[in-house]
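*Asks:* Here it is: the structure, laid out below.
The values are calculated or read from the model by the stated rules, or taken from the named source; none is laboratory data. Owing to the predicted nature of the structure, the values given are computational and were not obtained by experimental measurement. Neighbour counts are summed over all protein chains in view; Cβ atoms, including those assigned to glycine, are modelled from backbone coordinates with ideal geometry.
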Amino acid sequence: MFSPDFSTAIKVIDKSTSKTGTIFEVIEYIKPRNGSILNASVVPSTYQQLTGEKLRQVRININNSGIIAQPGALQFMKGPIQILVQPNAPSSSKGFFKNLGTGEASVTSRYSGKYGEIYLDPSYKYYYVLELDNEEIILDDGMFFCCEDSIELSVHTNKNVAVGLLSGDGFRQPKLSGSGIAVLESDIPFEEVLMYELHNDTLKIDGNFSIVIRGKLETQIEKSKGEGYLQTFSGTGEVWIAPTRKHAPMNF
């Protein structure tokens, strides 16, 4: 039987091992695509094709444990792994919510077993591997990808929103709470993320450029002078900003 060495096709660009021994890896395929058309679902724009962008993928080896992932993220898996689709969990096919501000929920998928290997769908997007230590982080919609099931996935509702800007239910975002490993999905590389640590200070952002919020921060959302909205963060904590979020590289 033909059995090529798959390890020569990929390299591991990030890796983290949990306390249970579950291993999360981000792998990158060594050969760029060089303009080849693969699948519309994994080709977000033409620049990736023209610049020879490389595909990335999350690989997980579980060890008497479980993970939670976005529905439909599974590509394939090996081993005695059970799948449980959890209804009414705060998730959707495109992001955390189907409709911003409504909190409309769909499902998440839980994978568990004594051992096994899981490959989630490859993408041109970037993956951030984080280790939570008895803490809470609030994410931008669409950034949650997967996490250990020791982490609670829930909804953060910010009701401190200017009247008439959003629905009366407030501004809702995914929230991760507890300890364990989580993987976030982003359109930009991690090196382009600006992390601001606030110590009884204030940060204002015109637009949707904050992607992760950690710590005890109060958020105010109001209409800005432009077409977007102004977010004000006050207190002590950390805010991740993506300055290049809406500007793909133009080096082709």
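Residue by residue, here is whether (1) buried (at least 18 other Cβ atoms within 10 Å of the Cβ); (2) within 21 Å of Asn158 (Cβ to Cβ); (3) in contact with a helix residue (DSSP H, G or I) (Cβ under 6 Å, 6 or more places away or on another chain); (4) of a type outside the set (S, T, N, Q) holds:
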residue: Leu176; (1), (2), (3), (4): yes, yes, no, yes
residue: Ser179; (1), (2), (3), (4): no, no, no, no
residue: Pro189; (1), (2), (3), (4): no, no, no, yes
residue: Asn200; (1), (2), (3), (4): no, yes, no, no
residue: Gly215; (1), (2), (3), (4): no, yes, no, yes
residue: Thr244; (1), (2), (3), (4): no, no, yes, no
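*Asks:* Looking at (1) over 15 Å from the mean Cα position of the chain (by Cα); (2) within 30 Å of Lys31 (Cβ to Cβ), can you tell me which one Tyr128 breaks?
*Replies:* The number of the failed condition is (1).
*Asks:* Identify the single condition in (1) buried (at least 17 other Cβ atoms within 10 Å of the Cβ); (2) at pLDDT 95 or above that Glu131 does not satisfy, given that it satisfies every other one.
*Replies:* Of the numbered conditions (1) buried (at least 17 other Cβ atoms within 10 Å of the Cβ); (2) at pLDDT 95 or above, the odd one out for Glu131 is (1).
*Asks:* Same structure, new question: Just to be sure before I move on: is Val183 at pLDDT 95 or above and either within 30 Å of Gly52 (Cβ to Cβ) or part of a helix (DSSP H, G or I) (or both) in the structure I sent?
*Replies:* When the stated conditions are applied, Val183 passes them.
*Asks:* Within the group Phe24, Phe2, Phe6, Phe76, which residue is out of contact with any Ser or Thr (no Cβ under 7 Å at 6 or more places or on another chain), modelled with pLDDT of 95 or more and of a type in the set (Phe, Trp, Tyr)?
*Replies:* On the way: Phe24 fails: out of contact with any Ser or Thr (no Cβ under 7 Å at 6 or more places or on another chain); Phe2 fails: modelled with pLDDT of 95 or more; Phe6 fails: modelled with pLDDT of 95 or more.
Just a single option satisfies the conditions, and that option is Phe76.
*Asks:* Is it the case, given these coordinates, that Gly215 is at positive phi, within 22 Å of the chain's Cα centre (by Cα) and at pLDDT 80 or above?
*Replies:* yes
*Asks:* What single numbered condition from (1) part of a loop (DSSP other than H, G, I, E, B); (2) within 15 Å of the chain's Cα centre (by Cα) fails to hold for Pro243?
*Replies:* If we test Pro243 against (1) part of a loop (DSSP other than H, G, I, E, B); (2) within 15 Å of the chain's Cα centre (by Cα), just (2) comes out false.
*Asks:* In segment 125-156, how many residues are part of a strand (DSSP E or B), of a type in the set (D, E, K, R) and under 23 Å from Ile188 (Cβ atoms)?
*Replies:* Here the count works out to 1.
*Asks:* Any residue at all in segment 201-215 that's in a loop (DSSP other than H, G, I, E, B) and of a type in the set (Asp, Glu)?
*Replies:* no
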